[in-house]
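Asker: Structure provided below as structure tokens; questions to follow.
The values are calculated or read from the model by the stated rules, or taken from the named source; none is laboratory data. As the structure is a prediction and not an experimental result, all values here were calculated from the model. Here the Cβ positions follow ideal geometry from the backbone for every residue, glycine too, while neighbour counts run over all protein chains shown. The accessibility values were calculated without ligands, DNA or RNA, using every heavy atom of the protein model including side chains. Shrake-Rupley method; radii C 1.70, N 1.55, O 1.52, S 1.80 Å.
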Amino acid sequence: MSLDIFSQYLINCLMLGMIYAMVAVGFTLFFGVLDVIQFAHGDVLMAGGFGALVAYAATQAVGIANSWVQLLLMVVSTTVMTAALGALVARFLVLPLRNAPPLNTLLITLMMGMVLREAVRLVYPNGSNPQPFPSLLPHDAWRVGGLDLRVDSLILLVVGLLLIAGLHLLITRSKLGLAIRAVAQDGETARVMGINFNRIVLLTFGLGSAMGALGGVMRGLYYTEITFDVGLLLGVIGFAAAILGGLGNLYGAILGGFLFAVLQAIGAVALPVLLPDFPSAYKDVFAFTVVIVLIGWKPTGLIAEKTSERV
Amino acid sequence: MALLSVQGIHTAYDRVNVLHDVSLDVEPGKITCILGSNGSGKTTLIRSILGLTPPNQGDIVFEGASLVRLPTHEIIARGIACIPEGRRIFPKMTVEENLRTGAYRLSDSAEITRRAMQVYELFPRLKERRTQLAGTMSGGEQAMVSMGRGLMGKPKMLIIDEPSLGLSPLYVKENFRIIREINGMGITVLLVEQNVRQTLVIAHHGYVLSQGRMAASGTTEELSADAEVQAAYFG
Ligand SMILES: Nc1ncnc2c1ncn2[C@@H]1O[C@H](COP(=O)(O)OP(=O)(O)OP(=O)(O)O)[C@@H](O)[C@H]1O
Ligand SMILES: [Mg+2]
């Protein structure tokens, strides 16, 4: 393989890992504070992506042509929208079911995801088909040591890393982070410390959803396309990544996201070389198979923890 | 007037009645203790006051205002703090972070630091271990974290549920000294303890719970002399 192609695979792998990590972080935060699995998460992201498209159309309609301004408005509106959507799901679907069996939460959020998906398909013009996502980042490429580095990919990677680092700082340094960790480690004692439990749960769901939506926008910008069912696979992969890292563990989720992307890359590159009849489209099958094996080997995730200790 | 007045409450877990018509008064500035054998409902009474298991009958009044049906964080905001049964420190936080959760309602960071310094004065061991994860500490040290965390909110009333459970006699003795010191700072204390003798020495008033009902009450001198209490605890 030439260095050029290798570097392309590398960047692609990093990009996907980042996106998966940003989705997985949501699953792990939700599970951390409430011990629930919010299966509409992937579809909340998809809704965020389409929200960004609507915002883009709105900027065009009012005659804003500067692509940075357009991008900023898209990011801001999708962040606000998905944060609100995530908090609404928590408020009206998850919190009321707190004393019900966890399976009920799983089922109701699964159905909520389907409602979001079908609603976008029905309401968005021509929603069944892939929608072009505006490619707003500069297309220049830098030649560095014989490699073509695309500026848009670099920007996305740097922004993704900054977002993940920012989330880390928020969780470990801020007062909100302290409250989120307190609620995750012992919700009842958190309340006894004067922490408004419901408020922290809503903020956490908002935060996790917005983080995932930004991952969704990054994905749109990278592939310049979005489909109504993108949340399905993204949700399952993000969930798998969160489980892989140990559900409830923030760094595990990030690690799991990158690991899944690496597995996909191995599936796409290495396997066809080793097994000539192995089409690269089977990369997901390969990655999921390895995940199944890994989870069988480490049922509580790669970063193992006692169940009482989280976030 | 009593700082806290529990008036005829009934409390249940999932329809299993635990407390029946329980009343109690906590006088400001004093140490009031709740005695009672295992399972008599002492923790349930505390959970009722904190709104964790709200009573379904009766009233709980703090500084003249009812606490019933307020969410827990608002009850805490009225000036109550609790050192819960089993200590319940946050295991994956450092000692310092644990203390900060106790001052969660405060936003003045200089004041938070000042209060942490006061806690470190009371428990010099915690100062040495500031950056250690609380879950990795010994039981006695975790008890200090839990106590310190309860003090960080500068409560008017501090509720303490079995602070010396599972501790060595040395720590138990230290705990009683600290509770007295806390009370000396002007903080009203509502104390649940198993070490009846030592509790009756430091407390001013006492209540005895038996199978979810208030069986006896009075000054600690009266309780020490009470034949029934004698039979139940010293016999
Ligand atoms: N979460 C709960 N659900 C159902 N029943 C409970 C629960 N917690 C306590 N109980 C029951 O309520 C009764 C009183 O328990 P409580 O914990 O208040 O007693 P206690 O006086 O604090 O005992 P101990 O000295 O052991 O701490 C017991 O019969 C107990 O089994
Ligand atoms: Mg108890």
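Asker: Across segment A:106-122, in residue order, what do the Karplus-derived ³J(HN,Hα) couplings come to in whole Hz, using 6.51 cos²θ - 1.76 cosθ + 1.60 with θ = phi - 60° and x for Gly and Pro?
Answerer: So the J values, rounded to whole Hz, are 4, 5, 5, 6, 4, 5, 4, x, 5, 4, 4, 4, 5, 5, 5, 4, 6.
Asker: Sorting A:F239, A:F133, A:F92 by accessible area (1.4 Å probe), largest first, what list results?
Answerer: A:F92, A:F239, A:F133
Asker: Can you work out the Karplus-derived ³J(HN,Hα) for every residue in segment A:237-244? Use 6.51 cos²θ - 1.76 cosθ + 1.60 with θ = phi - 60°, whole Hz, and x for glycine or proline.
Answerer: 5, x, 5, 4, 5, 5, 5, 4
Asker: Long-range amide H contacts for B:Y207: which residues qualify at under 5 Å (H placed 1.01 Å from N, peptide plane, sequence gap of 5 or more or a different chain)?
Answerer: It is B:C33, B:I34, B:L35, by chain and number.
Asker: Between B:V201, B:V119, B:V145, where does the largest GNM mean-square fluctuation fall for chain B, given springs only between Cα atoms within less than 10 Å?
Answerer: B:V201
Asker: Which whole-angstrom value gives the distance between the alpha carbon centres of segment A:180-205 and segment A:211-275?
Answerer: About 29 Å separates the Cα centre of segment A:180-205 from the one of segment A:211-275.
Asker: Can I ask one more? Return the distance in nm (one decimal) between the two label points of a simple spin-label model at A:V80 and A:Y251, each offset 7 Å from Cα along Cα→Cβ.
Answerer: 3.6 nm
Asker: Can you work out ³J(HN,Hα) from phi for every residue in segment A:140-147, in order, using Karplus 6.51 cos²θ - 1.76 cosθ + 1.60 and θ = phi - 60°, giving whole Hz and x for Gly and Pro?
Answerer: So the Karplus estimates, Gly and Pro as x, are 4, 10, 9, 9, 10, x, x, 10 Hz.
Asker: So if I take the centroid of the Cα atoms in segment B:1-45 and the same for segment A:1-62, what is the distance between those two points in Å?
Answerer: 51 Å
Asker: Ok, one more. Where in segment A:1-36 is the amide nitrogen less than 13 Å from a point lying 7 Å along the Cα-to-Cβ axis of A:A141?
Answerer: Residues A:3-9 qualify, since their backbone N sits under 13 Å from the label point.
Asker: Determine the relative contact order of chain B: mean sequence separation of Cα pairs under 8 Å and six or more apart, normalised by residue count, in whole percent.
Answerer: Result for chain B is 27 percent.
Asker: Percent relative contact order of chain A, based on C-alpha pairs within less than 8 angstrom and at least six residues apart?
Answerer: 34 percent.
Asker: Shifting gears a bit: Label points 7 Å out from Cα along the Cβ direction at B:V16 and A:D35: separation in nm?
Answerer: Computed distance between label sites B:V16 and A:D35 equals 1.7 nm.
Asker: Name the long-range amide H neighbours of B:E162: under 5 Å, sequence gap of 5 or more, or other chain; modelled H, no Pro or chain starts.
Answerer: Answer set, sorted by chain and number: B:V192, B:E193.
Asker: If R₀ is 60 angstrom, what is the calculated FRET efficiency for the pair A:A61 and B:M117, using the beta carbon separation as r and rounding to 0.05?
Answerer: 0.55
Asker: What is the distance in Å between the Cα centroid of segment B:154-177 and that of segment A:96-166?
Answerer: 52 Å
Asker: Further question: Tell me the Rg and the Dmax, in Å, that the Cα atoms of segment A:1-133 produce.
Answerer: Rg then Dmax for segment A:1-133, in Å: 17.8, 57.
Asker: Per 0.36 nm of contour for each residue apart, how much would the distance between A:R91 and A:V69 grow if the chain were fully extended, relative to their Cα-Cα spacing?
Answerer: 4.7 nm
Asker: Still on this model: May I ask which of B:K92/B:K127; B:K42/B:K154; B:K30/B:K154; B:K92/B:K154; B:K42/B:K92 have a Cα-Cα span longer than 21 Å here? Don't skip to the answer; put the middle values down first.
Answerer: Numbers: B:K92/B:K127 18 Å; B:K42/B:K154 24 Å; B:K30/B:K154 16 Å; B:K92/B:K154 24 Å; B:K42/B:K92 29 Å.
The answer is B:K42/B:K154; B:K92/B:K154; B:K42/B:K92.
Asker: Something else: For A:I303, what residues show an amide H to amide H distance below 5 Å, using hydrogens built from the backbone and excluding near sequence neighbours?
Answerer: For A:I303, the qualifying residues are A:G246.
Asker: Normalised by the number of residues in segment A:1-87, what is the relative contact order in percent for Cα pairs under 8 Å and 6+ residues apart?
Answerer: Dividing the mean separation by the residue count of segment A:1-87 yields 25 percent.
Asker: Please list B:T219, B:T199, B:T131 in order of solvent-accessible area, largest first, computed with a 1.4 Å probe with all protein chains present.
Answerer: If we order B:T219, B:T199, B:T131 from most to least accessible, we get B:T131, B:T219, B:T199.
Asker: Hey, another quick one. Within a 10 angstrom radius of each residue's Cβ in B:61-74, how many Cβ atoms of other chains show up on average? Whole number is fine.
Answerer: Details: counts 0, 0, 0, 0, 0, 0, 0, 0, 0, 0, 5, 9, 11, 2.
What the average comes to for B:61-74 is 2.
Asker: Enter the mean projected area of the convex hull around the alpha-carbon atoms of chain A, in nm², rounded to one decimal.
Answerer: Hull-based average projected area comes out at 17.6 nm².
Asker: At q = 0.23, 0.24 Å⁻¹, work out log10 I(q)/I(0) for segment B:89-154 with the Debye formula, treating every Cα as an identical point scatterer and leaving solvent out; two decimals please.
Answerer: Log10 of I(q)/I(0), two decimals: -0.87, -0.95.
Asker: Report in % the part of the accessible area of segment B:89-154 that belongs to carbon and sulfur, leaving out ligands and nucleic acids; probe 1.4 Å.
Answerer: Solvent-exposed carbon and sulfur of segment B:89-154 make up 48 percent of the total.
Asker: Once R0 is set to 56 Å, what does the formula 1/(1 + (r/R0)^6) return for the Cβ-Cβ distance between A:L232 and B:R197, expressed as a FRET efficiency to the nearest 0.05? Can you show the working numbers first?
Answerer: Details: r = 66 Å, r/R0 = 1.18.
The pair A:L232/B:R197 has a calculated efficiency of 0.25.
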